[in-house]
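**Q** This structure is in structure tokens; I'll ask about it shortly.
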Amino acid sequence: MSLARHWRLQDQRYRLMGTQCEECGARMLGRRYICTRCKSRNLQACNLKGQGAVYSYTVVYDAPSGYEGLVPYPAGLVRLDEGPLVAAQLTDVDIEEVYVGMPVEMVTRRLREYGEDGLIVYGYKFRPKLKDQV
Amino acid sequence: MRKVYITGFGQTRVQEHWGRSARDLATSSILEALERAEVEGADALYVGNALGGELTGQEHIAALIADFAGLTGTEAVRVEAAGGSGGAAVRLGYIAVASGLQNVVIVTGVEKMSDLAGPAVEEALATSADEEYEGVQGLSPVGLSALLMRRYMHEYDCERRDFAPFSVNSHQNAVNNEYAMFRRPITVEAFEKARLVADPISLLDSAPAADGAATVVLCSEQVVGTRKRATVEIVGSASATDSVALHDRGNPLFLHAAHESVQGAYAQAGVAPEQIDLFEPHDAFAILSALSLEACGFASEGQGVRLAMEGEIGLGGSIPICTMGGLKGRGYPVGAAGVYQIVEVCQQLLGEAGANQVDAWVGMTQSLGGTGATAVTHILKGPR
């Protein structure tokens, strides 16, 4: 478990940082150096707003170490309004209520812990969009 | 470029081998393959192994296996491409012989999985995904494949039970394979009732993690010339990659790397999908079989599941798959799976598949890493 490994990802974990291509306009999740669509190197960092809709979803019953305490937990691929997909856990929702197309928004939540005296990793999850915003 | 032949092969049964370690399993498959190939040693040993470090604390496994298999001194290197490690190792062996640099190479796939269980194995398997984006969200290959399956069901209007024919076929074919882990058939009803692992994927459409090793010996034409036994020729070999993270792919339901690698292999072999007599796909999950069939041109997009429902993937169908049980029925020792596939196609092409024998001259394998970020395709041709 390395502190630096998580610290250096704070922009993408807390602010859902993305990359925008200045040539073709494509937006990508996280930091990229070469556009995945047009191969341009003329890219700029951008913030993604964290609003989108469920593209697909699952409920995980057999989890990797570090996530057993959460089972069963819903996770999804979310299509962000700006275009990119993002894989994330879904939160504040009943498993039965999730559907493809459900409007969701990013929130910051605890992702995992490394033991009693260990690091607590925070990052984005997605919850159903609050009604007054839909 | 020179022709490359498979002159020997060997395999251990896939199961939880409590009493046997990776070096033990690998060695027995190597000795069996060398005997059949009628050679004493080789110019190099390529070892497909995905998780030795994660699961058993043993990296540097190629030198270790070379030593225990009586090949001390021989060049040996491990090849890692997650679930595609075995296929990637065969590909490197192929390149070595085809290029003229080496005349006899041994390719072994080995995985020792049963020393750990449950979440620890799932954590190891999750290392094939994009750790910073997928792994940290608690998503391992089963969760990611479940996301593909749910979207597939949504886009192509099908249900979970429609995927049952893949697992039913694999288990049926494993019954007669003495090297298979699950030598018993399953029913559609059992498939429907099986416990969910990552909804909509259940225990009965997930290939079981288990221990095993398989080996092939690859030779150049000049070495083959002195042999009396029939051999299999590798007539197509190609590999390609895609984004590791599902979210970075334009259309996650199209396995781009699988398509690219199969096109390369078809072109080299000079064949079309209609000329493939059997296909061993990477059926870690039923959804991956469906997507592979589509990427390889056996079905159009959204029709892979229909192909299985119509019975075309059975031993008597238009494109038999998982003819010796596949990953689901034979078992899934991760880094070894791609080599098992090659061994099984050799059995079919040489008429040694017993009760599962299909009328085959040209067979194909496809080894995938992760959810298809690595794809290695091989096309083999039999002696007739």
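The values are calculated or read from the model by the stated rules, or taken from the named source; none is laboratory data. These numbers were taken from a predicted model, which means no experiment stands behind them. When we count neighbours, we look across all protein chains shown, and the Cβ atoms used for this are built from the backbone with ideal geometry, even at glycine. Ligands, DNA and RNA are excluded from the accessible area calculation, which covers all protein heavy atoms including side chains. Shrake-Rupley method; radii C 1.70, N 1.55, O 1.52, S 1.80 Å.
**Q** Of (1) on the phi > 0 side of the Ramachandran plot; (2) more than 9 Å from chain B (Cβ to nearest Cβ), A:Gly66 satisfies all except one. Which?
**A** Among (1) on the phi > 0 side of the Ramachandran plot; (2) more than 9 Å from chain B (Cβ to nearest Cβ), the lone unmet condition for A:Gly66 is (2).
**Q** What are the pairs, 6+ residues apart or on separate chains, where a residue within segment B:38-54 that is on the phi > 0 side of the Ramachandran plot has its Cβ under 9 Å from a residue that is open to solvent by less than 10 Å² (accessible area, probe 1.4 Å) and small (Gly, Ala, Ser)?
**A** Listed by first residue and then by second, the contacts come to B:Glu38/B:Gly8.
**Q** Still on this structure, I have one more. In the set B:Val262, B:Val235, which member is assigned to a helix (DSSP H, G or I), open to solvent by less than 50 Å² (accessible area, probe 1.4 Å) and among the hydrophobic types (A, V, I, L, M, F, W, C)? Can you show your working first?
**A** Working: B:Val235 fails: assigned to a helix (DSSP H, G or I).
Every option except B:Val262 fails the conditions.
**Q** Give B:Gly316, B:Gly311, B:Gly370, B:Gly325 a once-over and let me know the one that is in contact with a strand residue (DSSP E or B) (Cβ under 9 Å, 6 or more places away or on another chain), at pLDDT 95 or above and not charged (D, E, K, R).
**A** On the way: B:Gly316 fails: in contact with a strand residue (DSSP E or B) (Cβ under 9 Å, 6 or more places away or on another chain); B:Gly311 fails: in contact with a strand residue (DSSP E or B) (Cβ under 9 Å, 6 or more places away or on another chain); B:Gly325 fails: in contact with a strand residue (DSSP E or B) (Cβ under 9 Å, 6 or more places away or on another chain).
From the options B:Gly316, B:Gly311, B:Gly370, B:Gly325, the qualifying one is B:Gly370.
**Q** Moving on to the next point. Of the residues B:Ala124, B:Ala96, B:Ala89, B:Ala82, which is within 9 Å of chain A (Cβ to nearest Cβ) and at pLDDT 95 or above?
**A** Checking each option against the conditions leaves just B:Ala124.
**Q** Taking B:Ala198 as the residue in question, decide whether it is within 14 Å of chain A (Cβ to nearest Cβ), of a type outside the set (Ser, Thr, Tyr), open to solvent by less than 10 Å² (accessible area, probe 1.4 Å) and touching a Phe, Trp or Tyr at 6+ places or on another chain (Cβ under 8 Å).
**A** Working: within 14 Å of chain A (Cβ to nearest Cβ): yes; of a type outside the set (Ser, Thr, Tyr): yes; open to solvent by less than 10 Å² (accessible area, probe 1.4 Å): yes; touching a Phe, Trp or Tyr at 6+ places or on another chain (Cβ under 8 Å): yes.
Yes, satisfied.
**Q** Here's another thing I want to ask about it. Can you pull out every residue in segment B:102-121 that is in a loop (DSSP other than H, G, I, E, B) and open to solvent by 30 Å² or more (accessible area, probe 1.4 Å)?
**A** The initial filter retains those residues of segment B:102-121 that are in a loop (DSSP other than H, G, I, E, B), namely B:102-103, B:112-118.
Result: B:Asn103, B:Asp115, B:Leu116, B:Ala117, B:Gly118.
**Q** Let me ask something else about it. Among the residues of segment A:80-92, is any farther than 17 Å from B:Glu131 by Cβ, facing chain B (nearest Cβ under 8 Å) and open to solvent by less than 30 Å² (accessible area, probe 1.4 Å)?
**A** Of all residues in segment A:80-92, those farther than 17 Å from B:Glu131 by Cβ come to A:80-85, A:90-92.
Filter once more, keeping what is facing chain B (nearest Cβ under 8 Å): A:84-85.
Narrowing the set further to residues that are open to solvent by less than 30 Å² (accessible area, probe 1.4 Å) leaves A:84-85.
The answer is yes, given that some residue of segment A:80-92 is farther than 17 Å from B:Glu131 by Cβ, facing chain B (nearest Cβ under 8 Å) and open to solvent by less than 30 Å² (accessible area, probe 1.4 Å).
**Q** If you don't mind, there's one more thing I want to ask. Output the residues belonging to segment A:112-134 that are within 13 Å of another protein chain (Cβ to nearest Cβ) and either of a type in the set (Asp, Glu) or free of Cβ contacts under 8 Å to residues at least 40 places away in the same chain (or both). Break it down into steps so the answer makes sense when it comes.
**A** We begin by selecting, within segment A:112-134, every residue within 13 Å of another protein chain (Cβ to nearest Cβ); these are A:112-114, A:119-126.
Selection gives A:Glu113, A:Ile120, A:Lys125.
**Q** Mind checking which pairs have a first residue in segment B:84-100 that is under 18 Å from B:Glu233 (Cβ atoms) and a second that is of a type outside the set (S, T, N, Q) and modelled with pLDDT under 95, Cβ under 7 Å, 6 or more apart or different chains?
**A** B:Ala98/B:Met1
**Q** On to the next question. Can you pull out every residue in segment B:324-353 that is within 12 Å of B:Ala214 (Cβ to Cβ) and β-branched (Val, Ile, Thr)?
**A** Passing the criteria: B:Val339, B:Ile342, B:Val343, B:Val345.
**Q** On the basis of being touching a Phe, Trp or Tyr at 6+ places or on another chain (Cβ under 9 Å) and within 12 Å of chain A (Cβ to nearest Cβ), does B:Ala146 make the cut? Spell out how you get there, then give the answer.
**A** Values: touching a Phe, Trp or Tyr at 6+ places or on another chain (Cβ under 9 Å): yes; within 12 Å of chain A (Cβ to nearest Cβ): yes.
Yes: the conditions hold for B:Ala146.
**Q** Condition check: in contact with a Pro (Cβ under 9 Å, 6 or more places away or on another chain) and β-branched (Val, Ile, Thr). Does B:Ile313 satisfy that?
**A** Values: in contact with a Pro (Cβ under 9 Å, 6 or more places away or on another chain): yes; β-branched (Val, Ile, Thr): yes.
So B:Ile313 passes the test.
**Q** A further question follows. Any idea which of B:Ala89, B:Ala96 is in a helix (DSSP H, G or I), under 27 Å from B:Ile342 (Cα atoms) and touching an Asp or Glu at 6+ places or on another chain (Cβ under 8 Å)? Reasoning before the result, please.
**A** Working: B:Ala89 fails: touching an Asp or Glu at 6+ places or on another chain (Cβ under 8 Å).
Matching residue, one of B:Ala89, B:Ala96: B:Ala96.
**Q** I need the full set of residues from segment B:101-140 which are in contact (Cβ under 8 Å) with a residue 60 or more places away in the chain and β-branched (Val, Ile, Thr), in order please.
**A** Across segment B:101-140, the qualifying residues are B:Val104, B:Val105, B:Ile106, B:Val107, B:Thr108, B:Val110, B:Val121, B:Thr127.
**Q** Can you pull out the residues in segment A:42-63 that are within 7 Å of another protein chain (Cβ to nearest Cβ) and among the charged types (D, E, K, R)? Quick ask: steps written out before the conclusion?
**A** Of segment A:42-63, the ones within 7 Å of another protein chain (Cβ to nearest Cβ) are A:55-63.
The one that is within 7 Å of another protein chain (Cβ to nearest Cβ) and among the charged types (D, E, K, R): A:Asp62.
**Q** Just a yes or no: is a residue in segment B:47-59 part of a loop (DSSP other than H, G, I, E, B), in contact with a helix residue (DSSP H, G or I) (Cβ under 7 Å, 6 or more places away or on another chain), open to solvent by 30 Å² or more (accessible area, probe 1.4 Å) and away from chain A (no Cβ under 14 Å)?
**A** So in segment B:47-59, the residues part of a loop (DSSP other than H, G, I, E, B) come out as B:49-51, B:57-59.
Cutting the leftovers down to in contact with a helix residue (DSSP H, G or I) (Cβ under 7 Å, 6 or more places away or on another chain) gives us B:49-51, B:58-59.
Next, from what is left, pick out any that are open to solvent by 30 Å² or more (accessible area, probe 1.4 Å): B:58-59.
Next, from what is left, pick out any that are away from chain A (no Cβ under 14 Å): B:58-59.
The answer is yes; a qualifying residue exists.
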